[in-house]
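The values are calculated or read from the model by the stated rules, or taken from the named source; none is laboratory data. Everything numeric in this text was worked out from a predicted model, so none of it was measured. For neighbour counting, all protein chains shown are included, and Cβ atoms are generated from backbone atoms with ideal geometry for every residue, glycine included. Each accessible area value is taken on the protein alone, full model and side chains, heavy atoms only, with ligands, DNA and RNA left out. Shrake-Rupley method; radii C 1.70, N 1.55, O 1.52, S 1.80 Å.
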Amino acid sequence: NNLNIIRLIGASLVLYGHSFVFLGLHQPLFLSWLPLGAFGVYIFFTISGYLITESFDRDPHLLRFFVRRALRIFPGLIICTLLSVFILGPTLTTLSLKDYFENKHTWLYFQNIILHIRFYLPGVFETNKLPNAINGSLWSLPVEFLMYIIVAILGVLRGNRWTFLVLAAVSAAITFFWAQQTSEMIVVYASDLRQVFICGTYFWFGAVFYKFNLQRFFSISTVVVAIIIMISLESWLDALSICAYLLLPMVVLAFGLSYSPTLNWLTQSGDYSYGIYIYAFPIQQSVIFLYPHITLNLYLPICLALTLICAILSWHFVENPALAFKPSKQINTNNIYNF
């Protein structure tokens with residue numbers, strides 16, 4: 001199917017949207033409503049909600065479920081963190097190497113490996129338009145992993161499709177009436193609680209599409225209607241925000257679950273979306289630090305090329321080899337919820 005290409009599109013949207021921020025420009029909006037970077041993140045959460053829920057239903061064994069999830073997230077994250085601390089930091093810090101490595105924040109950055117996100121390395125990117133941020137994209141990873149935990153809990157509790165629908169509706173209501181209305185952050189485990197609901201809503205609606213088998217209604221007509229409705233609601237952003245919880249996953253999943261030989265050929269060498277997502281931010285910050293007056297037309301292709309190289313290397317030498325250790329489903333498990 002086209003899921004690899006649409007994940008690639010999502011990661012590229014994040015890179016593209018952030019480029020404007022790093023250059024001090026206004027980030028383009030999707031339908032005058034949503035920054036393109038956020039749009040890319042919502043694509044990821046929608047696909048993840050569908051696939052992760054399907055994965056647990058296919059093999060509802062807690063240990064195998066979390067081993068698979070860990071092998072997808074942590075190997076790439078660990079290498080990216082090591083490269084940030086030992087290559088990027090020492091190369092670009094304004095401090096001496098002695099001061100850099102003696103600073104406690106250098107070592108606190110390793111908390112990213114346990115999804116306690118840290119953005120700061122001492123003396124790095126202090127003069128950038130987005131100062132002191134090494135890898136701002138990592139904020140979504142603990143939110144994503146929390147979704148995995150909740151899926152597992154619902155599986156253990158035998159939650160049915162109506163449970164997922166209620167959860168999606170409640171998350172949407174909290175998002176609309178609180179998370180999107182307040183500028184006050186509630187921080188839990190170094191994460192903004194608002195994002196648990198804002199991004200989580202798309203995750204849960206992706207899960208709802210799977211649980212209710214709504215993909216059977218996917219067609220060119222339904223996708224066109226969904227797009228027309230979203231475009232028509234552009235002047236009523238509150239209504240668009242609410243309807244998008246259902247319409248955006250419909251468009252994303254209808255395209256992602258379809259099949260195109262051409263698009264499949266483009267992504268058959270590997271899934272580079274995660275690598276693009278975790279490497280784009282530090283690469284973009286590095287380029288703008290080294291060339292602060294670079295133009296957007298030059299900045300974008302340079303960052304895209306460098307990020308893609310890192311993503312390809314990450315997939316072939318880190319992520320894909322790690323996925324070879326994914327446990328296969330075991331038949332005749334006595335208690336599927338036991339470790």
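Quick notes
- Point-to-point label distance, L31-T94, nm (Cα→Cβ direction, 7 Å offset): 4.3
- Kirkwood-based shape ratio for segment 6-66, expressed as Rg/Rh from alpha carbons: 1.20
- Candidate aspartates and glutamates for bridging to K326, where Cα separation is under 17 Å - those fewer than 8 sequence places away on the same chain excluded: E54, D57, D59, D271
- Accessible area ranking (1.4 Å probe, heavy atoms, ligands and nucleic acids excluded), largest first, for R58, R158: R158, R58.
- Separation of the I229 and A324 label points, Cα + 7 Å toward Cβ, nm: 4.6
- Among 165-171, 201-207, 35-41, 234-240, the order from most to least packed when residues are scored by Cβ within 10 Å on average: 201-207, 35-41, 165-171, 234-240
- Förster radius 41 Å - calculated FRET efficiency between L296 and R158 (Cβ-Cβ, nearest 0.05): 0.20
- Vicinal HN-Hα couplings computed from phi for segment 28-34 (Karplus, 6.51 cos²θ - 1.76 cosθ + 1.60; Hz; Gly/Pro x): x, 10, 8, 6, 6, 10, 10
- Spin-label zone in segment 38-60 - amide nitrogen under 14 Å from a point set 7 Å from the Cα of Q180 along the C-beta vector: 38-39, 42
- 3J(HN,Hα) from dihedral phi, segment 242-258, Karplus parametrisation 6.51/-1.76/1.60, rounded to Hz, x for glycine, proline: 6, 5, 5, 4, 9, 6, 5, x, 4, 5, 4, 6, 4, 6, x, 8, 7
- With every protein chain in place, the chain: carbon and sulfur % of accessible area (1.4 Å): 67
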